[in-house]
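The values are calculated or read from the model by the stated rules, or taken from the named source; none is laboratory data. Keep in mind that this is a model prediction, so the values were computed, not measured. All Cβ positions, glycine included, derive from the backbone under ideal geometry; neighbour counts span all protein chains shown.
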Amino acid sequence: MSIRERLSGNEAVANAMRQINPDVVAAFPITPSTEVPQYFSTFVNNGKVDTEFVPVESEHSAMSACIGASSAGGRVMTATSANGLSLMWEMLYIAASLRLPIVMSCVNRAVSGPLNIHNDHSDSMGARDSGWIQLYGETNQEAYDNALMAIRIAEHKDVMLPVMNCYDGFITSHSIENIELLEDDKAKGFVGTYHPEHFLLNKKEPIAVGPLDVQPYLFEHKFQQAEAMRKAKDVILEVSEEFYKLTGRKYGLFEEYKMDDAEIAVVVLNSTAGTAKYTIDRLREKGVKAGLVKPRVFRPFPVTEIAESLKNCKAVAILDKCDSTNGAAGPLYTEVTSALYTTGITDVKTVAYTFGIGGRDVKSSDIEKVYTDLQEIVASGKVENPFRYLGLKG
């Protein structure tokens with residue numbers, strides 16, 4: 001029997017960490033992720049885990065400590081947000097390139113400046129090409145489930161890459177929802193015990209970590225890293241299927257909502273998907289064939305699968321909760337349209353919306369406007385302005 005609880009997203013993730021009982025957690029506080037190591041530190045203090053908790057002086061130091069502990073053969077976790085993730089920048093690439101299976105909860109928040117502590121996706125999307133697997137979760141339940149699955153994905157022998165568990169700051173991190181936790185023994189059984197193949201403290205195999213990697217070697221090592229990212233897609237599905245058998249909660253690379261006969265669809269990440277589902281239900285009552293695709297995995301990006309899901313739509317809106325400031329559109333739009341083009345699907349009209357920057361509220365009426373715009377695109381057969389802003393004043 002699962003354990004029914006009422007927890008915030010941060011509490012849920014901290015409880016997942018308690019059940020995982022990592023060897024090392026190194027962290028530095030930053031809103032809105034502060035509660036994750038804060039709650040976890042109480043488990044350390046109360047003897048509920050035997051984790052070595054390392055309070056450090058900065059996020060750069062937090063990831064540095066995680067890299068050292070993981071290189072030594074430990075199971076390692078942490079959490080951060082926004083400017084904290086930015087301060088880790090150098091170390092993010094090092095963790096990924098050293099193939100260290102660190103799991104970090106990234107509680108999504110706007111990156112300064114100007115200073116803003118509220119939710120958008122500029123932090124994790126800024127780090128999308130750093131070599132980390134990225135999982136995104138709509139609800140507290142998904143944040144908890146992804147934390148458990150992330151360990152299995154990261155430590156798989158065919159992957160050995162770090163994983164970000166991304167969920168929306170305050171909207172998910174601080175809101176309390178009903179949630180189902182696994183019993184401790186089942187959670188521990190699911191994540192298993194970490195047995196690294198190569199690690200610094202293995203006296204039988206002396207190794208160097210992070211040596212100079214010059215022209216004859218680096219290209220091949222980066223190719224191996226890219227291959228591991230490609231293989232991660234199958235591993236994510238395998239782990240998700242095992243989790244489904246254990247819990248009855250099914251996860252894929254993305255979630256489809258009423259896409260079987262959808263003529264128009266929205267693609268959006270994280271908590272806004274819930275607002276979109278509510279809007280779709282209302283539109284369906286009016287006979288509008290609206291649907292939703294909610295990516296769960298952004299890295300590796302499910303190119304062929306996303307394209308297959310959208311191929312029968314007449315028009316699709318891709319919503320980004322960050323701006324690439326590239327003169328065009330955000331990263332989700334770029335990835336989705338690239339997937340469509342790469343797979344030869346060129347007859348689906350696409351439009352980009354940037355929304356929710358700095359925690360700007362997004363209401364069902366805003367999402368309904370997007371679907372209205374899509375209906376107009378279908379009727380006219382034209383996309384007059386492919387790069388749009390949703391909820392911008394003036």
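Overview of values
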read-out: Selection count where residues are in contact with a Phe, Trp or Tyr (Cβ under 8 Å, 6 or more places away or on another chain), within 30 Å of GLU227 (Cβ to Cβ) and not in a helix (DSSP H, G or I), scope segment 258-306; value: 10
read-out: Those residues of segment 151-200 which are of a type in the set (Gly, Ala, Ser), touching a residue at least 60 places away in the same chain (Cβ under 8 Å) and not in a loop (DSSP other than H, G, I, E, B), in sequence order; value: ALA187
read-out: Residue in segment 111-129 that is more than 22 Å from SER271 (Cα to Cα), out of contact with any strand residue (DSSP E or B) (no Cβ under 9 Å at 6 or more places or on another chain), in contact (Cβ under 8 Å) with a residue 40 or more places away in the chain and in a loop (DSSP other than H, G, I, E, B) present; value: no
read-out: Check on LYS258, under 23 Å from ALA150 (Cα atoms) and at pLDDT 95 or above; value: no
read-out: Residue ID - surrounded by the fewest Cβ atoms within 10 Å (Cβ to Cβ), chosen from residues in segment 323-334 that are more than 13 Å from LEU390 (Cβ to Cβ) and touching a Ser or Thr at 6+ places or on another chain (Cβ under 9 Å); value: ASN326
read-out: Output for segment 303-322, where each listed residue is surrounded by fewer than 18 Cβ atoms within 10 Å (Cβ to Cβ) and more than 14 Å from ILE264 (Cα to Cα); value: VAL303, THR304, GLU308
read-out: Residue identified as in contact with a Gly (Cβ under 6 Å, 6 or more places away or on another chain), among the charged types (D, E, K, R), closer than 27 Å to ASN119 by Cα and surrounded by 17 or more Cβ atoms within 10 Å (Cβ to Cβ) among GLU11, GLU59, GLU35; value: GLU59
read-out: Unmet requirement for GLY169, which otherwise passes all of (1) surrounded by 18 or more Cβ atoms within 10 Å (Cβ to Cβ); (2) touching a helix residue (DSSP H, G or I) at 6+ places or on another chain (Cβ under 6 Å); value: (2)
read-out: Top-ranked residue of segment 14-32 - restricted to ones that are outside any strand (DSSP E or B) and small (Gly, Ala, Ser), ranked as nearest to THR78 (Cα to Cα); value: ALA14
read-out: Residue selected from segment 344-390 under the condition within 24 Å of the chain's Cα centre (by Cα) and assigned to a loop (DSSP other than H, G, I, E, B), by the criterion surrounded by the most Cβ atoms within 10 Å (Cβ to Cβ); value: GLY356
read-out: Test: residue in segment 33-43 that is in contact (Cβ under 8 Å) with a residue 60 or more places away in the chain, within 18 Å of THR80 (Cα to Cα) and part of a loop (DSSP other than H, G, I, E, B); value: yes
read-out: Exclusive hit being touching a strand residue (DSSP E or B) at 6+ places or on another chain (Cβ under 7 Å) and without any contact (Cβ under 8 Å) to a residue 24 or more places away in the chain, set LYS277, LYS258, LYS286, LYS250; value: LYS277
read-out: Close pairs (7 angstrom Cβ cut-off, 6 or more residues apart or separate chains): over 17 Å from LEU161 (Cα atoms) in segment 201-222, part of a loop (DSSP other than H, G, I, E, B) anywhere; value: LEU201/ALA72; LEU201/GLY73; ASN202/GLY73; GLU205/HIS198; ILE207/HIS198; ILE207/LEU200
read-out: Residue list for segment 66-110, restricted to those being charged (D, E, K, R) and either assigned to a loop (DSSP other than H, G, I, E, B) or under 18 Å from the mean Cα position of the chain (by Cα) (or both); value: ARG75, ARG99, ARG109
read-out: Selection within segment 254-271 - of a type outside the set (Asp, Glu), surrounded by fewer than 23 Cβ atoms within 10 Å (Cβ to Cβ) and under 27 Å from ARG128 (Cβ atoms); value: PHE254, TYR257, MET259
read-out: Failed item in (1) within 14 Å of LEU332 (Cα to Cα); (2) free of Cβ contacts under 8 Å to residues at least 40 places away in the same chain, with ARG296 passing the rest; value: (2)
